[in-house]
1. Find, to one decimal place in angstroms, the Kirkwood hydrodynamic radius of the chain, where the mean of 1/r is taken over every pair of different Cα atoms and then inverted.
2. Would you mind classifying the range 70-121 by shape? Square roots of the alpha carbon gyration tensor eigenvalues, ordered a ≥ b ≥ c; an a/c under 1.5 is rounded, otherwise it is prolate if a/b is larger than b/c and oblate if not.
3. In whole Å, what is the distance between the alpha-carbon centres of the range 135-200 and the range 85-122?
4. Under a 10 Å cutoff between Cα atoms, tell me which one of G73, G201, G227 has the largest fluctuation in the Gaussian network model of the chain.
5. Report, in debye and to the nearest 20, how large the dipole of the chain comes out about its Cα centre when Lys and Arg carry +1 and Asp and Glu carry -1 on their Cβ.
6. To make sure I understand, if each residue's beta carbon is the centre and we count other beta carbons within 10 Å, what order do V180, V223 fall in, fewest to most?
7. Residues of the range 239-261 with amide nitrogen under 19 Å from the 7 Å Cα-to-Cβ point of E231?
8. Given a Förster radius of 25 Å and the C-beta distance between V187 and W60 as r, what FRET efficiency does 1/(1 + (r/R0)^6) yield to the nearest 0.05?
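Laboratory data are not the source of any read-out in this text; all were calculated from the coordinates shown. Values in this document were obtained by computation on a predicted structure and should not be read as measured data. Heads up, the Cβs are rebuilt from the backbone with ideal geometry, glycines too, and the neighbour counts pull from every protein chain shown.
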Amino acid sequence: MPSSVTLPVEGQATARAHAAATRYYRRFGLFERLLHAGLMFSFIGCALSGLPLLFPYTGWAKALAGLMGGFHGAGLVHRVCATVMCVVFVTHILQFLWRGLASGTLLSVLWGPNSLMPQPKDIVDIWQHIKYFLGRGPRPQFDRYTYWEKFDYMAVFWGMFIIGGSGLLLWFAIPLSSFVPGWLFNVATLVHGEEALLAVGFIFTIHFFNGHLRPEKFPMDMVIFTGRIAEHELREERPLEYERLRRDGRLTSIEATPPASTAVAFGRIVGGTALVLGIITVVLIIYGLLVR
């Protein structure tokens, strides 16, 4: 009986000691994490408030809208979340420009290993990754950002201009009707709904899988919540970045303390809730499409 009680305690102590011995490096600052949090919450809010308007004939849409005070309330929630999303997007653009000006040229944020812009290496990485999945070659060597992370990043720009632009057109339809033809509002309605449905499906499946459900990350990648990445993860997942930082002697400058247990717990609660809501949303969308 005593051994059955002390073993878990010893195991926990060993785990804590191992975590303390592991080096961690800062990957994202507080500002980037706050922007991601704003984008995450506003996107989920837009999804949960907008989908009932796309599937009003289903019982789940009526129930979900009822939680927000009916379809009128859902529309209000949708606009508030859309406003937050636009603020986050504009803030990121200003941050993007500020970094370019601080470095003396925008080229530093538009090109190179620290840029989220797609580059020729990403095409090579995609091809090498396909061969790796087929057992025909080694795993590609990734840098700071992988090609799928860049795809997610660029998808936000596409969504903000297509979904956001059509949404603003519909939001201010009455004053704008004096300047634009009526058929444009019909096109905006179609584009806004279909593109939003595509975005929701992509984020709640592909993005969630890449970020949390991959075997090496399951059940959740905590880096976006804690801002820290363990040394072995940086070395194995992004060897080109690790080697460049080591060669330039910059690893010490980004070394960080291990993530606090409270930060990890908070990240798991928030991320887990988003993951569950996303999976439920995908199931409801599939059901809504099948009964249409």
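1. By the Kirkwood definition, the hydrodynamic radius is 21.9 Å.
2. oblate
3. 19 Å
4. Of G73, G201, G227, the Gaussian network model singles out G73 as fluctuating most.
5. Using only the charged Cβ atoms, the result is roughly 220 debye.
6. Ordered by Cβ neighbours within 10 Å, fewest first: V180, V223.
7. Residues 239-260 fall inside that zone.
8. 0.35
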